[in-house]
Amino acid sequence: MNKIPEHVAIILDGNGRWARSKGMPRNYGHTMGAKNVETICRACHNMGIRYLTVYAFSTENWTRPDDEVKAIMKLLRHYLKTCFTLARDNDMCVKVLGDISRLDEDMRETILRLEEETKDYGGLHFQIALNYGSRDEMLRAVRSLVADRESGKITGEIDEQVFVSYLDTKGIPDPDLLIRTSGEQRLSNFLLWQCAYTEFYFTDVHWPAFDEKELEKAVKSYGERNRRYGGI
Ligand code: FPP
């Protein structure tokens, strides 16, 4: 396959609909959706994709029914614990994007330990957006920038380079390809700044059914695009 995107970002959508279509409860969809994240991490690694970012839980997802939020958090907590082995086996450096201060203390500790223990792995850079919202990320960035300016920590002009160094994605290249599963065609507050020149790929396939073949289709479609970045 020619022209492999360096960074693929995915909006994982359709867990609930996938489960319902099989006569199962929505939470079964989340369980299978979490399993699929592992499959796609391995597939990305095999295909030579260097960065993968997934939208696991948004700042807006807290408005879901309490029992669904609890079930998702339980799944994510379990996933983060198993991620140490996955990271070791697949040479994965793991980072969490988003405001983790709203998460339970044990989850925050696991995240910090996971980030620290995997920071030198360089095969696949895997970012999990958790309690992430792009507007929230930009506001947090502006607040710390202003604080650093007032304390004299930063001086001089505030240009793009300075601003991006305050984003959760600091040091991570912008996505080349953004995939959204399950038919919806919107960004839903995901990486608004970072997706300025990203190619979009929408598919009707629900996230738990999005396998390696579907990823190859998306990458093939990306390979056929002509990226001009505003030029001709
Ligand atoms: C998307 O489907 C699901 C979510 C946004 C919730 C949480 C995601 C997971 C459990 C995937 C696991 C992620 C990791 C990193 C392990 P939906 O519920 O919005 O589906 P619907 O649109 O059909 O209702």
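Quick notes on this one:
- Listed by first and then second residue, the pairs linking a residue in segment 10-27 that is farther than 18 Å from residue 211 by Cα to a residue that is in a helix (DSSP H, G or I), with Cβ atoms under 6 Å apart and 6 or more places separating them unless they lie on different chains, are 26/16; 26/19; 27/71.
- Test: residue 128 is assigned to a helix (DSSP H, G or I), under 24 Å from residue 174 (Cα atoms) and in contact with a strand residue (DSSP E or B) (Cβ under 6 Å, 6 or more places away or on another chain): no
- Restricted to segment 131-232, the set of helices (runs of 4 or more DSSP H) holding at least 1 residues that are of a type in the set (S, T, N, Q) and open to solvent by less than 20 Å² (accessible area, probe 1.4 Å) comprises 134-150.
- Which listed residue is of a type in the set (A, V, I, L, M, F, W, C), within 11 Å of the ligand (Cβ to nearest atom) and over 23 Å from residue 182 (Cβ atoms), from 103, 80: 80
- Only one of the listed residues (86, 80, 112, 103) is within 16 Å of the chain's Cα centre (by Cα) and aliphatic (A, V, I, L, M). That residue is 80.
- Any hit, segment 29-51, residues being acidic (Asp, Glu) and open to solvent by less than 40 Å² (accessible area, probe 1.4 Å): no
- Of the residues in segment 191-213, none is within 16 Å of the ligand (Cβ to nearest atom), polar (S, T, N, Q) and within 15 Å of residue 55 (Cα to Cα).
- Each residue in segment 73-105 was checked for being surrounded by 17 or more Cβ atoms within 10 Å (Cβ to Cβ), free of Cβ contacts under 8 Å to residues at least 40 places away in the same chain and not in a helix (DSSP H, G or I), and 4 of them qualify.
- Options 29, 23: the member that is more than 14 Å from the chain's Cα centre (by Cα) and part of a loop (DSSP other than H, G, I, E, B): 23
- So residue 91, is it over 19 Å from residue 207 (Cα atoms) and touching a His at 6+ places or on another chain (Cβ under 9 Å): yes
- Hits in segment 1-26 - residues which are within 9 Å of the ligand (Cβ to nearest atom) and of a type outside the set (Gly, Ala, Ser): 11, 12, 13, 15, 17, 18, 20, 26
- Any hit, segment 56-69, residues being in contact with an Asp or Glu (Cβ under 9 Å, 6 or more places away or on another chain), more than 9 Å from the ligand (Cβ to nearest atom), open to solvent by less than 30 Å² (accessible area, probe 1.4 Å) and assigned to a helix (DSSP H, G or I): no
- Residue in segment 218-225 that is of a type in the set (Gly, Ala, Ser) and within 30 Å of residue 20 (Cβ to Cβ) present: yes
- Taking segment 5-21 as the range and being open to solvent by 10 Å² or more (accessible area, probe 1.4 Å), farther than 25 Å from residue 46 by Cα and in contact with a helix residue (DSSP H, G or I) (Cβ under 8 Å, 6 or more places away or on another chain) as the test, the residues that pass are 17, 18, 20.
- Restricting attention to segment 27-43, the residues that are near the ligand (Cβ under 7 Å from one of its atoms) and farther than 16 Å from residue 71 by Cα total 1.
The values are calculated or read from the model by the stated rules, or taken from the named source; none is laboratory data. Note that the coordinates shown come from a computational prediction; the quantities given were computed from them, not determined experimentally. Every residue, glycine as well, gets a Cβ built from its backbone with ideal geometry; the counts of neighbours run over all protein chains shown. Only protein heavy atoms, including side chains, enter the accessible area calculation; ligands, DNA and RNA are left aside. Shrake-Rupley method; radii C 1.70, N 1.55, O 1.52, S 1.80 Å.
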